[in-house]
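Undergrad: If you scroll down you'll find the structure; I have some questions about it.
Read-outs throughout are calculated quantities, based only on the coordinates presented, and are distinct from any laboratory measurement. Since the structure is predicted, the reported quantities are computational estimates derived from the model, not experimental observations. Here Cβ is always computed from backbone atoms with ideal geometry, including for glycine, and neighbour counts include all displayed protein chains.
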Amino acid sequence: MNGIQVLLISGVVIIFLYYIFRLRSALFDLILLSIFSGLAIFLILLPENTSAIANKLGVGRGADLLFYICILFFLFLILKLFARVRRLEETLTELVRQQAKNEAVFIQDKKETK
């Protein structure tokens, strides 16, 4: 197994674990954002190192390495948005359920007072 395979598999596992824990920690988001920002700044300032790093990981070109990293990053963003939508759906379901209970109690009380 070469370096890029280890890197990509690690990225997928991290994204999977992140999805499982579903954004429970804002600190984790901050750390991950800091890592990606630092990596971006490093690669912008020293673009010749991108190809060297890619070759050490078993990728032919630095552009291909950046492409693979971007795929992982976008997968992470999609899963983050999916988790947020799921939380909103759960909140909406709970609100509708509570409203239905309140209306049922109100109708029952209204019938009893007649």
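Undergrad: To test your reading of the geometry: what angle, between 0 and 90 degrees and rounded to tens, separates the Cα axis of helix 62-113 from the longest principal axis of the chain?
TA: Long axis of 62-113 versus the principal axis of the chain: about 0 degrees.
Undergrad: Please give the helix 48-57 orientation as an angle from the longest Cα principal axis of the chain, in degrees from 0 to 90, rounded to the nearest 10.
TA: Approximately 80 degrees, to the nearest ten.
Undergrad: Rounded to the nearest angstrom and ordered from largest down, what semi-axes does the equivalent ellipsoid of segment 53-95 get from its C-alpha gyration tensor (root of 5λ)?
TA: So the three semi-axes of segment 53-95 are 38, 6, 4 Å.
Undergrad: Roughly how big is the chain's charge dipole about its Cα centre, with Cβ charges of +1 (Lys, Arg) and -1 (Asp, Glu), in debye to the nearest 20?
TA: That gives the chain a dipole magnitude of about 340 debye.
Undergrad: Which of the listed residues, Ile31, Pro47, Leu17, is farthest toward the dipole's positive end in segment 3-80, when Lys, Arg count +1 and Asp, Glu count -1 at the beta-carbon?
TA: Most positive-ward Cα: Leu17.
Undergrad: Give, to the nearest whole percent, the P(r) tail of segment 3-80 beyond 21 angstrom, counting all Cα pairs.
TA: 30
Undergrad: Before rounding to the nearest 500, sum -39500 (n - 2.57) across all DSSP H runs of length at least 4 in the chain and divide by the residue total; then give [θ] at 222 nm in deg cm²/dmol.
TA: Estimated from H runs of four or more residues: -31500 deg cm²/dmol.
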